[in-house]
Amino acid sequence: MRRTAVLAAGVLFAGIPLLTACGTPHQGAAAVVEEDQISVSSLQSQVNDVRAAQAKLPNGDQLREQSGNLSSSTLFNLVLARVTDRALEDAGLTISRRELQDYLKDNEQYIGGRKVLETVMLQQRGVAPDQIDAYLRTDLALNKLAEHIGARRDSPEGQLRLGELLTKTAKSMDISVNPRYGKWNSTDLTIDPTAEPWLPKPTGPGAV
């Protein structure tokens, strides 16, 4: 399979809010995908990692302002990973450790090294250095799914077809998301604002 670097091909859902669906709320969960719970505390931890990495950059304050919806985008990445895993399973596809290692190297070489990749992923995707492998695994899964259905991710038509596949997969799964992060719109693959909080919003520095 021809590997395409994420920063060259782009990401299908870059900038799209978190993936959700209607379901039964679970106390302490930011989202539940099938029986897999993504806790608020684990989401908070990942957000804190991003904020800490941003603070080390000269433009850290600006990045923080630009990524105000960081909790939603981070949760989206976590849920999307589970949806793509199911889509891979349904298609009879897998991702080996070697494939992921090669894809990581491709991206590092394309962008100019590990440090540059970490900076770009942090600035453009809101992804901390220790989250890059998981992020790229999802992106590699999207590449494999696109190739499986004969679609090109760098074309509008290909993105539409891949989006339709993921929408179908997500609808077949039991996914519920804390309403404070929004309500899933299955038509547009976006979230709509909701006024009913599932859990009280935390307060203080770094709260999601």
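Quick note: the coordinates plus some simple rules give every number you see, no bench work behind them. Keep in mind the model is a prediction, meaning the values are calculated, not measured.
Key figures for this structure:
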{"quantity": "Cα-only radius of gyration and Dmax that characterise the range 55-145, units Å", "calculated": "14.3, 45"}
{"quantity": "10 Å-binned pair-distance histogram of the range 125-181 (Cα, whole percent)", "calculated": "20, 36, 39, 5"}
{"quantity": "log₁₀ of I(q)/I(0) at q = 0.25, 0.26 Å⁻¹ - the range 100-140, Debye sum with one point per alpha carbon", "calculated": "-0.81, -0.88"}
{"quantity": "Exceeding the 24 Å Cα-Cα cut-off - candidates 144/171; 105/144; 56/144", "calculated": "56/144"}
